[in-house]
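Take a look at the structure below.
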Amino acid sequence: MDFGFTEEQQMLRDNIRKFVNKEIKGSYAQDLDEDPEKMFIDEAMWKKIKDLGVFAMAVPEEYGGAGGTIMDDVIINEEFARGSAAVAMSFGATTGFGARTILFSGNEEQKRYFLPKIAEAEIRFALAVTEPGGGTDILGALKTFARREGDTFFVNGQKVFITNAHQADYLLTLVKTDKETAQRAKALTLFLIPVRDNPGITIRPLKKFTIKGASACEIFFDEARVPASHMLGELHNGWYELLKTLNHERIIVAALTNGIGQAALEDMVAYAKSREAFGRPIGQYQAIQHKIADTIMELEFAKLITCKAVWLLEAGRPCHLEAAMAKLVSSEMAFKAATRGLDILAGYGVTLEYDMQRYFRDSRQCTFSPISNEMVRNFIAEQYGLPRSY
């Protein structure tokens, strides 16, 4: 069992870290968080990230990419999140819900059309699943319906809390296509719905206080058109196609929150070394050291379960349980790390001049999104033979 990065992965991590330290941490991340008009990374930053070559990492070489692995995805997203969870989430939406989903579920024609454009960062994606009636209860709450007329589907309904939908060119959308069957999991279909020049789509960003640089949006579909050629997988099989993407999403959210936890740890250690009280650095006091030591251990545990989930996914083995656990462990670790950071920084921690308050807010969103940690615990217990609790 090898817990180390390859030489190429270490180089990738070092390059992303240098970029983040220079371009994202500090003023850019703070401005993205504090300016109410900025709900997406700007075009200049999008181009800088493109020039790093990381969009191409999610695309195989045969489709114009660099042929990166799932572990590469984790490294990139974790390092971006050290600087800004919003940057990581904006980047990950396109590579995860675009490139990886098309690789998991797309046909050859779809791969050859979409993947080269993703590698060049020419198009952007968002995942549209959650509806006003429920988020975790996808099968029971989903009402958005698509009817077929020839080679076109017409979509009607509403989605909510959709990250960066207002900037997306395509919405990876789960809709109902069969109202008759009693088997809810076999009534859904997955589509790549084009947003541009589609008058049946209205998108409204919502204001929030967590990960503010990556918007949450309401989407209204009113006879929105989607070509049948944009269906991913088979008709009525969308739920099973989406599961492949959901495992990847949970692993990436784990990576993102591991990045937040890493940033909180680095900041609290630096502050503990420089801040003095009663004639010596506060990092010399046992109470402070214990908070930092607990954070170091929990961050290591979170990274280990994330790596195991990656290993399973890359090997083509079932990883529903491990991916969900990684998301839960990592998100709770990050929130506890930021909470301890606020304890250590005290008054400075709640000022906007310091990033700890942003880590606290941003990590809190990830404890209930994209799946609530309570639901993950239910799922874990169910896998061990306990009766379903919902």
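Observations
- The residues on offer are 187, 228, 224, 214, and the sole one that is touching a residue at least 60 places away in the same chain (Cβ under 8 Å), closer than 20 Å to residue 174 by Cβ and in contact with a strand residue (DSSP E or B) (Cβ under 6 Å, 6 or more places away or on another chain) is 224.
- From the options 171, 265, residue that is buried (at least 21 other Cβ atoms within 10 Å of the Cβ) and in the same structural domain as residue 326 (by TED's automatic domain parsing): 265
- Segment 31-46 - residue that is touching a residue at least 60 places away in the same chain (Cβ under 8 Å) and more than 20 Å from the chain's Cα centre (by Cα) and, of those, surrounded by the fewest Cβ atoms within 10 Å (Cβ to Cβ): 36
- Given (1) touching a Lys or Arg at 6+ places or on another chain (Cβ under 9 Å); (2) in contact (Cβ under 8 Å) with a residue 60 or more places away in the chain; (3) under 25 Å from residue 39 (Cβ atoms), index of the condition residue 153 fails: (3)
- Residue 346 being assigned to a helix (DSSP H, G or I), in contact with a Gly (Cβ under 6 Å, 6 or more places away or on another chain) and under 21 Å from residue 30 (Cα atoms): no
- Boolean, residue 114 is over 15 Å from residue 239 (Cα atoms) and either surrounded by 21 or more Cβ atoms within 10 Å (Cβ to Cβ) or assigned by TED's automatic domain parsing to the domain that holds residue 64 (or both): yes
- When restricted to residues that are under 21 Å from residue 138 (Cβ atoms) and outside any helix (DSSP H, G or I), segment 215-241 contains 15.
- Of all residues in segment 114-132, those satisfying the criterion of being under 11 Å from residue 160 (Cα atoms) and in contact with a Leu (Cβ under 8 Å, 6 or more places away or on another chain) are 127, 128, 129, 131.
- Yes/no for residue 219 being more than 26 Å from residue 372 (Cα to Cα), out of contact with any Cys (no Cβ under 9 Å at 6 or more places or on another chain), β-branched (Val, Ile, Thr) and modelled with pLDDT of 95 or more: no
- Filtering 128, 182 for residues that are of a type outside the set (Asp, Glu) and within 30 Å of residue 86 (Cβ to Cβ) leaves a single hit, 128.
- Residue count for segment 10-30 under the criterion of being basic (Lys, Arg), surrounded by 13 or more Cβ atoms within 10 Å (Cβ to Cβ) and either in the same structural domain as residue 255 (by TED's automatic domain parsing) or farther than 29 Å from residue 207 by Cβ (or both): the result is 2.
- Exclusive hit being free of Cβ contacts under 8 Å to residues at least 12 places away in the same chain and either over 24 Å from residue 328 (Cβ atoms) or not in a loop (DSSP other than H, G, I, E, B) (or both), set 179, 244, 273: 273
- Condition met for residue 213 (more than 22 Å from residue 330 (Cα to Cα) and not assigned by TED's automatic domain parsing to the domain that holds residue 105): no
- Pair list, Cβ under 9 Å, 6 or more apart: segment 361-390 residue free of Cβ contacts under 8 Å to residues at least 60 places away in the same chain and charged (D, E, K, R), other residue surrounded by 14 or more Cβ atoms within 10 Å (Cβ to Cβ) and in a loop (DSSP other than H, G, I, E, B): 374/136; 374/368
- Take the conditions (1) among the basic types (Lys, Arg); (2) touching a strand residue (DSSP E or B) at 6+ places or on another chain (Cβ under 7 Å); (3) in a helix (DSSP H, G or I); residue 208 misses just one of them, which is (3).
- Candidates 282, 260 - the one that is closer than 30 Å to residue 126 by Cβ and hydrophobic (A, V, I, L, M, F, W, C): 260
- Residue in segment 345-362 that is of a type in the set (Val, Ile, Thr), modelled with pLDDT of 95 or more, over 26 Å from residue 4 (Cα atoms) and within 22 Å of the chain's Cα centre (by Cα) present: no
The values are calculated or read from the model by the stated rules, or taken from the named source; none is laboratory data. Here the structure is a predicted model, which means the values were calculated and not measured. Methodologically, a virtual Cβ is constructed for each residue, glycine included, from the backbone with ideal geometry; neighbour enumeration extends over all protein chains shown.
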